[in-house]
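Okay, so here's the structure we're looking at.
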Amino acid sequence: MTTAVDPAEETAADAGEGWRRLSPRMLAVHPVMELRRLIFPLLAVLIGLRNGSGVDGGWWALGIGALGIGLGFLRYFTTSFRITPTHVQVRRGLLRRRVLTVPRDRIRTVDVTSNVLHRIFGLARVTVGTGRTDMKSDGVKLDGLSAAAAENLHRELLHRPPVPSSVPPSPLPASSLPASSLPASSLPGSSLPSSSPLPASPLPASPVADAGSETTLATLDPAWIRYGPFTLSGLVAIGVLFGLGSRLVNESHIDPAKIGVVHDSIGYLRDQPLPLAILVVAAAVVVFTTIASTIGYVLTFWNFRLSRHSSGTLHVRRGLLTTRNTTIEERRLRGVELSEPLLLRSVHGARVLAIATGLRVGRGGDRGGSVLLPPAPRAVAVDVAGTVIGDADPLTVALTPHGPRARLRRFTRAGTVSTILILVALATVLFADAPAWVFWSALVLLPLGLLLALDRAASLGHSLSDHWLVSRFGSLVRRRYVLRTDAVIGWNMSTSVFQRRVGLTTLVATTAGGHQHYAIPDVPDAEALRVARTAVPGLLDQFLADRPVAPVNSRPVA
Amino acid sequence: MRLRPPMNRVSPRALWYWAARAAVLWIVLLVPQVIWWFADGDGARTPHLIVGVVWLVLAAVHMAVMPQWRYRVHRWEATETAVYTQSGWLNQERRIAPISRVQTVDSERGPIEQLFKLTSVTVTTASAAGPIKIDGLAAKDADQLVADLTVRVGETTGDAT
């Protein structure tokens with residue numbers, strides 16, 4: 001293991017090739033930051049010290065402090081960067097040495113920030129963003145340049161006078177995109193102006209105040225509220241209420257059994273035979289979920305309206321108490337997702353979500369931020385999704401099934417999982433003294449698994465047209481993805497041992513929007529290749545097997 | 001019509017790198033067993049021995065088979081227009097990204113990699129699901145690859161989303 005950076009290498013790099021260091025003032029800041037990171041061990045040791053564990057604790061604290069300061073110094077001496085006419089490069093790390101290279105063409109944002117500590121020393125942190133939509137923060141980050149140098153760098157990288165990076169996107173000039181010209185060809189995929197990194201922004205009030213026409217694509221029909229109970233959002237509400245209740249009980253030291261209603265109902269249930277008690281509880285849960293889900297639906301989607309503005313944006317407005325407005329630029333739209341959870345599907349309902357860059361799917365507060373249509377009749381959902389992408393075919397076209405081997409895999413997988421669970425149940429009965437009915441009721445998993453497999457096999461399918469890649473799979477949540485083919489920015493083809501034996505591939509299209517990757521599971525090898533070749537013409541031709549292959553070596557093919 | 005594997009193998013030293021990485025994993029898995037051995041001072045030793053033997057057999061098989069298998073699978077290729085890799089062993093994956101969609105080219109040498117003078121190169125695209133990682137390149141090849149790729153990426157324009 002190497003112990004230190006080779007000094008010769010460092011000086012050489014510093015002297016030539018334009019490698020630069022961070023501001024030396026960071027020698028004061030880094031150790032403080034590292035110490036802040038080590039605050040918990042330090043505190044633990046110091047508390048231990050006060051509780052009289054003696055001299056040892058003092059040494060520990062000193063040691064941890066020294067470690068922090070040492071790490072801080074190391075960070076300074078192991079970080080360097082350079083800016084060439086074409087690239088920005090950052091080197092860092094001692095044990096894990098990394099060189100990050102960003103072509104300047106790909107730089108979309110340059111953020112200059114400084115916290116209190118930075119400001120005391122007149123420093124700033126420069127973060128170079130390429131528009132990668134994931135949240136990994138360890139991109140090109142230059143933590144600590146002098147404020148002037150940071151400002152210079154900012155200007156140098158963007159080739160223009162600095163603009164505040166927090167300005168929200170202004171409505172597009174009317175010339176940028178006529179609303180009617182939707183099909184893929186008119187949506188620039190790679191020649192976007194590098195103006196603002198924010199494609200979608202929840203606006204505080206109704207965003208439509210300026211000129212330009214607006215077409216309403218969908219509004220909430222109060223009859224749709226009947227789909228509320230089938231969304232299961234009520235189960236979440238029950239969980240939250242239950243959690244709140246148990247905390248209240250814990251904090252207030254009230255014995256719940258002493259409250260009249262609770263006491264009475266527990267007593268009532270205790271007097272009933274077990275199956276009846278279970279039925280009663282289940283019925284109560286169902287009733288409560290239904291009510292809660294319906295209320296949830298109304299709260300979230302009341303006043304829902306989806307509209308298209310002639311300047312090339314989609315607007316979603318919804319909410320009863322909290323009004324949410326979301327604006328999606330259509331040139332950021334990469335496709336749509338038709339989502340049919342099992343319960344909703346059983347009553348012919350569906351939801352529509354947008355696949356757009358800069359929008360995240362299913363995460364914390366942003367959850368549902370990309371909703372284009374709340375649970376609604378399937379026909380309406382298909383219609384709205386088709387209107388949004390300007391082409392109804394991808395949503396209605398019959399999908400190519402993946403063949404008998406893919407179907408069989410659904411059954412073997414469901415069968416394997418049920419069998420394992422049943423064996424676990426059997427083991428608990430035999431070895432852990434669980435009652436015998438645990439095993440007998442586990443047997444239900446076999447027919448359930450069979451049904452699930454049947455449904456999953458029926459869902460599986462894909463289709464490819466000139467502009468759209470369509471994939472559908474899943475049972476508990478069946479999803480149909482419709483993705484623009486020019487939004488595909490790479491292919492991953494993964495095969496497990498079992499898939500290779502039967503010649504199936506999981507073809508994954510990677511993209512910059514939505515879930516970031518959209519899979520076509522268990523598609524026959526030849527069909528996977530056909531889809532990949534057709535959707536992104538020219539990319540795979542050079543890697544086909546019938547072309548002459550040069551002998552294997554370990555040199556780059558430069 | 002099939003896709004052929006990428007042209008270049010990784011460095012043979014990667015065999016040792018993968019074995020060392022696996023060794024670290026198996027040693028970590030040994031820790032709870034040791035704790036269990038001492039915490040359970042008076043209990044019967046048979047369960048301990050059974051778990052120990054299972055550990056030994058799995059570790060030996062894994063470390064004997066996995067590196068060889070990986071070495072046969074892991075391949076890479078960078079052309080004027082695309083990066084193409086193949087990796088894995090039981091589960092294998094091929095990843096292809098057009099150069100025009102590449103956003104950053106990173107090289108990385110972790111502690112174990114430095115031991116075997118290896119470098120890994122990661123090519124990222126605008127998709128969080130699309131990074132293409134080439135493990136176990138000889139440092140010289142990695143530097144060459146990074147240099148080639150950065151030039152080619154610089155030649156394409158646009159923001160690659």
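The values are calculated or read from the model by the stated rules, or taken from the named source; none is laboratory data. Note that the coordinates shown come from a computational prediction; the quantities given were computed from them, not determined experimentally. Cβ coordinates were reconstructed from backbone atoms using ideal geometry, including for glycine residues, and neighbour counts include every protein chain displayed. Note: areas computed on protein heavy atoms with side chains; ligands, DNA, RNA excluded. Shrake-Rupley method; radii C 1.70, N 1.55, O 1.52, S 1.80 Å.
Only one of A:Asp393, A:Asp455, A:Asp383 is closer than 30 Å to A:Ala356 by Cβ, without any contact (Cβ under 8 Å) to a residue 12 or more places away in the chain and in contact with a strand residue (DSSP E or B) (Cβ under 9 Å, 6 or more places away or on another chain). Can you tell me which?
A:Asp383 is the lone residue from the list that is closer than 30 Å to A:Ala356 by Cβ, without any contact (Cβ under 8 Å) to a residue 12 or more places away in the chain and in contact with a strand residue (DSSP E or B) (Cβ under 9 Å, 6 or more places away or on another chain).
Mind listing whichever residues of the range B:21-70 are of a type in the set (Lys, Arg) and free of Cβ contacts under 8 Å to residues at least 12 places away in the same chain?
B:Arg45
Among the listed residues B:Arg21, B:Arg9, B:Arg45, B:Arg13, which satisfies the condition of being at the interface with another protein chain (Cβ under 8 Å from one of its Cβ atoms), of a type in the set (Lys, Arg) and open to solvent by 30 Å² or more (accessible area, probe 1.4 Å)?
Just one listed residue meets the conditions, B:Arg9.
Can you confirm whether A:Arg501 is among the charged types (D, E, K, R), in a strand (DSSP E or B) and open to solvent by 20 Å² or more (accessible area, probe 1.4 Å)?
No; evaluated as a whole, the condition is false for this residue.
Since A:His467 meets every condition but one in (1) more than 23 Å from A:Pro524 (Cβ to Cβ); (2) without any contact (Cβ under 8 Å) to a residue 60 or more places away in the chain; (3) surrounded by 14 or more Cβ atoms within 10 Å (Cβ to Cβ), which condition does it not meet?
Failing condition for A:His467: (2).
Okay, residues lined up against (1) aromatic (Phe, Trp, Tyr); (2) touching a residue at least 12 places away in the same chain (Cβ under 8 Å); (3) in a strand (DSSP E or B):
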{"position": "B:Thr104", "(1), (2), (3)": "no, yes, yes"}
{"position": "B:Ile112", "(1), (2), (3)": "no, yes, no"}
{"position": "B:Ser127", "(1), (2), (3)": "no, no, no"}
{"position": "B:Ala142", "(1), (2), (3)": "no, yes, no"}
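Modelled with pLDDT under 95, closer than 18 Å to B:Leu145 by Cβ and facing chain A (nearest Cβ under 8 Å): is that true of B:Thr122 in this structure?
Answer is no for this residue.
Name the single residue, out of those in the range B:56-80 being assigned to a helix (DSSP H, G or I) and open to solvent by less than 20 Å² (accessible area, probe 1.4 Å), that is nearest to the other protein chains (Cβ to nearest Cβ).
B:Val73
Six or more apart or on different chains, Cβ under 7 Å: which pairs go from a residue in the range A:326-337 that's at positive phi to one that's of a type outside the set (Val, Ile, Thr)? Could you list them?
A:Gly335/A:Tyr481; A:Gly335/A:Leu483; A:Gly335/A:Arg484; A:Gly335/A:Ala487
What do you reckon, is B:Thr156 within 8 Å of chain A (Cβ to nearest Cβ) and free of Cβ contacts under 8 Å to residues at least 40 places away in the same chain?
Answer is no for this residue.
Looking only at residues in the range B:129-140 that are under 25 Å from A:Val488 (Cα atoms) and free of Cβ contacts under 8 Å to residues at least 40 places away in the same chain, which one is surrounded by the most Cβ atoms within 10 Å (Cβ to Cβ)?
Among those that are under 25 Å from A:Val488 (Cα atoms) and free of Cβ contacts under 8 Å to residues at least 40 places away in the same chain, it is B:Gly130.
Any residue that is over 30 Å from A:Gly503 (Cα atoms) and either among the small types (Gly, Ala, Ser) or not assigned by TED's automatic domain parsing to the domain that holds B:Lys140 (or both) - is there at least one of those in the range B:80-95?
Looking through the range B:80-95, none of the residues is over 30 Å from A:Gly503 (Cα atoms) and either among the small types (Gly, Ala, Ser) or not assigned by TED's automatic domain parsing to the domain that holds B:Lys140 (or both).
If a residue has to be in a strand (DSSP E or B) and buried (at least 18 other Cβ atoms within 10 Å of the Cβ) to count, how many in the range A:508-531 make the cut?
The number of residues fulfilling the criteria is 10.
Give me the residue from the range A:66-100 that is of a type in the set (S, T, N, Q) and modelled with pLDDT under 85 and, out of that set, most open to solvent (accessible area, probe 1.4 Å).
Selected residue: A:Thr86.
With the checklist (1) facing chain B (nearest Cβ under 7 Å); (2) of a type in the set (Ser, Thr, Tyr); (3) in a helix (DSSP H, G or I) in hand, flag the one item A:Thr534 doesn't pass.
Result: A:Thr534 fails condition (1) only.
Given the criteria basic (Lys, Arg), open to solvent by less than 40 Å² (accessible area, probe 1.4 Å) and more than 13 Å from chain B (Cβ to nearest Cβ), does A:Arg480 qualify?
Yes; evaluated as a whole, the condition is true for this residue.
Filter the range A:486-498 down to the residues that are within 8 Å of chain B (Cβ to nearest Cβ) and in a helix (DSSP H, G or I) and list them by number.
A:Val497
Scan the strands (runs of 3 or more DSSP E) fully inside the range A:26-128 and keep the ones with 1 or more residues being under 24 Å from B:Ser120 (Cβ atoms) and touching a residue at least 24 places away in the same chain (Cβ under 8 Å).
Correct list: A:80-83, A:87-92, A:97-103.
Name the residue that is nearest to A:Arg98 (Cα to Cα), counting only residues in the range B:100-118 that are buried (at least 22 other Cβ atoms within 10 Å of the Cβ) and of a type in the set (Asp, Glu).
B:Asp106
Tell me which of these B:Val83 doesn't satisfy, since it passes every other one: (1) surrounded by 17 or more Cβ atoms within 10 Å (Cβ to Cβ); (2) facing chain A (nearest Cβ under 7 Å); (3) not in a helix (DSSP H, G or I).
All conditions are met except number (2).
Could you go through the range B:131-149 and let me know if any residue there is at the interface with chain A (Cβ under 8 Å from one of its Cβ atoms) and more than 21 Å from A:Val102 (Cβ to Cβ).
There is at least one residue in the range B:131-149 that is at the interface with chain A (Cβ under 8 Å from one of its Cβ atoms) and more than 21 Å from A:Val102 (Cβ to Cβ).
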